[in-house]
Amino acid sequence: MNNGSLYTHIQNNIATVEFYHPASNSFPSELLKRLATTFNELSLNDDVRVIVLKSEKEKTFCAGASFDELIAIKNNEEGKHFFMGFANVINAMRTCSKLIIGRVQGKAVGGGVGLAAACDYCFATEQASIKLSELTIGIGPFVIAPIVERKIGIAALSELTLDATSWKNAYWAKEKGLFAKVFESINELDAEVQNLSLKLASYNPKALYEMKKVLWEGTENWGHLLEERAKTSGALVLSEFTKTALQKFKKQ
């Protein structure tokens, strides 16, 4: 359980991918690797037409990457490897042949915002506030910035990134385009996720695949781009500023 859990359930041509980690659904590297592999496998599964991405519990959708692993980085190679975790997941979601629906029931921070943005269609509850706090510890959301900008635009990305200590509520995220709909309760959220999933699963799978390709046109260079961004973050995390900030954060 230290590495969290990841389960996939397939029914009615819908694959539900559910992740969990006791530290606010954060992602250690091993769990990120498993998630990327899962998307790659589902992409080739002819029994799957739609994928739903969700997390367990109610309060937090995803708190981003593992803090314990972040503070343990000792060199550039380890830094790049750490930040490639979410890069590989985003690229797996981007190149997946199946449409991905996000079910965001609670707060999303850092990489969690990136996961929501990498979904082709995303529902949320009113509790799904978002924050990109990376600048406060001397790094930036460089790996996830392209995927977030693609969804909400450069102006909203700037606001979200530079005001790094503030939460933006779910309705702000909906207005900017991250969420398609926001619901008062998880029950309403789940009903709508199920409703759309069943509709999409009944459509022509070839049409869904072609639509997915259209939606992601212009991102063909992201394999290289996100790797370069991971290098940037991996170098910054070794700075004295970030080391000091992480130690202060750890003591809180």
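Could you list, in sequence order, the residues of the stretch 24-48 that are out of contact with any Leu (no Cβ under 8 Å at 6 or more places or on another chain), open to solvent by 50 Å² or more (accessible area, probe 1.4 Å) and not polar (S, T, N, Q)?
Passing the criteria: Glu30, Lys33, Glu41, Leu44, Asp46, Asp47.
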query: Does the stretch 175-185 include one or more residues that are closer than 16 Å to Met93 by Cβ, not β-branched (Val, Ile, Thr) and not in a helix (DSSP H, G or I)?
result: yes
task: Might you let me know whether the stretch 240-247 holds any residue that is open to solvent by 20 Å² or more (accessible area, probe 1.4 Å), without any contact (Cβ under 8 Å) to a residue 40 or more places away in the chain and under 19 Å from the mean Cα position of the chain (by Cα)?
output: no
Residue selected from the stretch 148-163 under the condition within 26 Å of Gly79 (Cβ to Cβ) and among the acidic types (Asp, Glu), by the criterion surrounded by the fewest Cβ atoms within 10 Å (Cβ to Cβ): Asp163
- prompt: Being part of a helix (DSSP H, G or I), open to solvent by 30 Å² or more (accessible area, probe 1.4 Å) and within 23 Å of Glu220 (Cα to Cα), is that true of even one residue in the stretch 124-147?
  reply: no
Residue identified as part of a helix (DSSP H, G or I), out of contact with any strand residue (DSSP E or B) (no Cβ under 6 Å at 6 or more places or on another chain) and modelled with pLDDT under 95 among Lys151, Lys206, Lys199, Lys243: Lys243
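The values are calculated or read from the model by the stated rules, or taken from the named source; none is laboratory data. Given the structure is predicted, the values throughout are model-derived calculations rather than measurements. We place every Cβ from the backbone using ideal geometry, glycine too, and count neighbours over all the protein chains shown. For accessibility, only protein heavy atoms count, side chains too; no ligands or nucleic acids. Shrake-Rupley method; radii C 1.70, N 1.55, O 1.52, S 1.80 Å.
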